[in-house]
Amino acid sequence: MHDVAIIGGSFAGLTAALQLGRASRSVVVIDAGLPRNRTSPGAHGVAGWDGMTPAEILARFRADLVPYPTVTTQDGVVTTVAGVQDAFALTLSTGQAIAARRIILTHGVKDILPDIPGITQAWGRRVLHCPYCHGYEVKGQPLAVLAVHPMSGHQAMLLRADWSDDVTLFSSGMEGLHTDALTAAGVKLDDRAITRLQGDDTGIGLTLSDAATARFGALFLGPRAVLDGSPAQQLGCALADGPMGPFVRTGPMAQTSVPGVFAAGDVARAAPNINFALGDGAQAGTGAHASLVFPGFITPLEVSS
Ligand SMILES: Cc1cc2nc3c(=O)[nH]c(=O)nc-3n(C[C@H](O)[C@H](O)[C@H](O)COP(=O)(O)OP(=O)(O)OC[C@H]3O[C@@H](n4cnc5c(N)ncnc54)[C@H](O)[C@@H]3O)c2cc1C
């Protein structure tokens with residue numbers, strides 16, 4: 001029986017493991033190896049690692065855990081998780097069973113990209129999710145934004161304010177966009193659908209519904225993210241509705257609504273960012289540890305329906 005099983009060994013999960021390893025607690029981290037930003041050539045905005053690839057950063061995280069003999073990291077996919085505080089049971093896709101007294105959910109979310117040919121290949125390279133993470137590298141260039149929810153207008157206005165004088169929002173029939181405010185902010189509106197796109201080393205080419213083409217430095221969009229079938233959903237953690245999709249609700253010690261279950265990183269955030277995942281991961285690690293030392297001290301998050 002492990003003290004803590006951590007489901008997802010990326011930025012949040014490995015940070016949680018480090019806290020617990022330093023308390024000499026027995027921890028197993030199970031990771032499927034697909035961090036959310038895996039297609040990005042460089043992670044930005046993270047002090048000390050700005051521009052390093054996600055894989056390089058995570059390799060350093062794993063190396064930092066090696067000196068802690070009570071921490072085990074394991075490749076694998078957790079397919080089922082059940083049980084109660086002090087007696088959780090996990091099953092991996094290989095059939096392996098793992099028992100743990102506490103669970104930390106750091107398995108992130110799954111992005112659902114719009115169904116446009118070429119988008120998967122360009123995701124993280126020329127199709128970008130966040131101005132703060134990747135806007136600096138394309139600043140001053142013509143930029144496109146694809147409206148996938150009403151907050152996309154906000155993203156276009158952000159980009160127009162501080163990253164480019166030439167921002168076009170492809171509204172794709174989206175309702176709820178504040179078109180007057182967008183126009184006043186200098187954002188160009190285009191209601192043609194994007195039917196195909198192709199990213200390359202210098203930018204991205206779009207084919208539009210009238211067969212016209214247009215070229216930009218990058219296309220920004222905030223995709224919908226889902227938790228379907230995830231361990232968080234299996235455990236019945238209370239969720240909140242964010243603009244991009246559902247996320248696990250947590251309290252100040254990263255506790256969820258389920259006793260003994262903690263959550264950190266993108267799975268428990270409305271907006272993704274490595275820095276937030278690191279802070280949340282540290283909180284979840286110390287929260288889970290406190291609940292082992294002082295049972296009953298951390299009460300589950302109370303949720304009114
Ligand atoms: C394209 C892109 C680029 C980005 N660039 C930046 C950037 O430059 N700077 C920045 O601050 N943020 C960036 N982000 C956001 C950043 O990627 C996330 O905030 C960060 O990865 C969240 O870390 P996490 O540990 O919560 O989840 P993730 O990094 O998503 O890791 C979750 C891990 O859990 C594993 N997992 C999932 N399900 C299971 C399961 N059932 N069993 C076992 N393991 C499982 C996954 O395989 C994965 O390894 C970017 C996001 C995207 C989409």
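Numbers at a glance
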read-out: Single match in GLY217, GLY242, GLY265, GLY285 (criterion: farther than 19 Å from VAL81 by Cβ, modelled with pLDDT of 95 or more and open to solvent by less than 20 Å² (accessible area, probe 1.4 Å)); value: GLY217
read-out: The range 254-267, subset more than 8 Å from the ligand (Cβ to nearest atom) and outside any strand (DSSP E or B), residue nearest to ILE103 (Cα to Cα); value: GLY260
read-out: Residue in the range 86-96 that is among the aromatic types (Phe, Trp, Tyr) and touching a Leu at 6+ places or on another chain (Cβ under 9 Å) present; value: yes
read-out: Failed item in (1) of a type outside the set (Gly, Ala, Ser); (2) assigned to a loop (DSSP other than H, G, I, E, B); (3) within 19 Å of the chain's Cα centre (by Cα), with ASP280 passing the rest; value: (2)
read-out: So LEU128, is it near the ligand (Cβ under 8 Å from one of its atoms) and surrounded by 23 or more Cβ atoms within 10 Å (Cβ to Cβ); value: yes
read-out: Pick from the range 118-145, criterion outside any helix (DSSP H, G or I) and in contact with a helix residue (DSSP H, G or I) (Cβ under 7 Å, 6 or more places away or on another chain), ranking: farthest from ALA232 (Cα to Cα); value: LEU143
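Each row is one residue, and each column tells you yes or no for (1) touching a strand residue (DSSP E or B) at 6+ places or on another chain (Cβ under 9 Å); (2) on the phi < 0 side of the Ramachandran plot.
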| position | (1), (2) |
| --- | --- |
| ILE30 | yes, yes |
| GLY33 | yes, no |
| SER40 | yes, yes |
| TRP49 | no, yes |
| PRO54 | no, yes |
| ARG62 | yes, yes |
| VAL71 | yes, yes |
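The values are calculated or read from the model by the stated rules, or taken from the named source; none is laboratory data. The shown structure was predicted, so the numbers you read here are calculated from the model rather than taken from an experiment. Here the Cβ is made from the backbone with ideal geometry for all residues, glycine too, and neighbour counts use every protein chain on show. Side chains included, ligands, DNA and RNA excluded: accessible areas come from the protein's heavy atoms. Shrake-Rupley method; radii C 1.70, N 1.55, O 1.52, S 1.80 Å.
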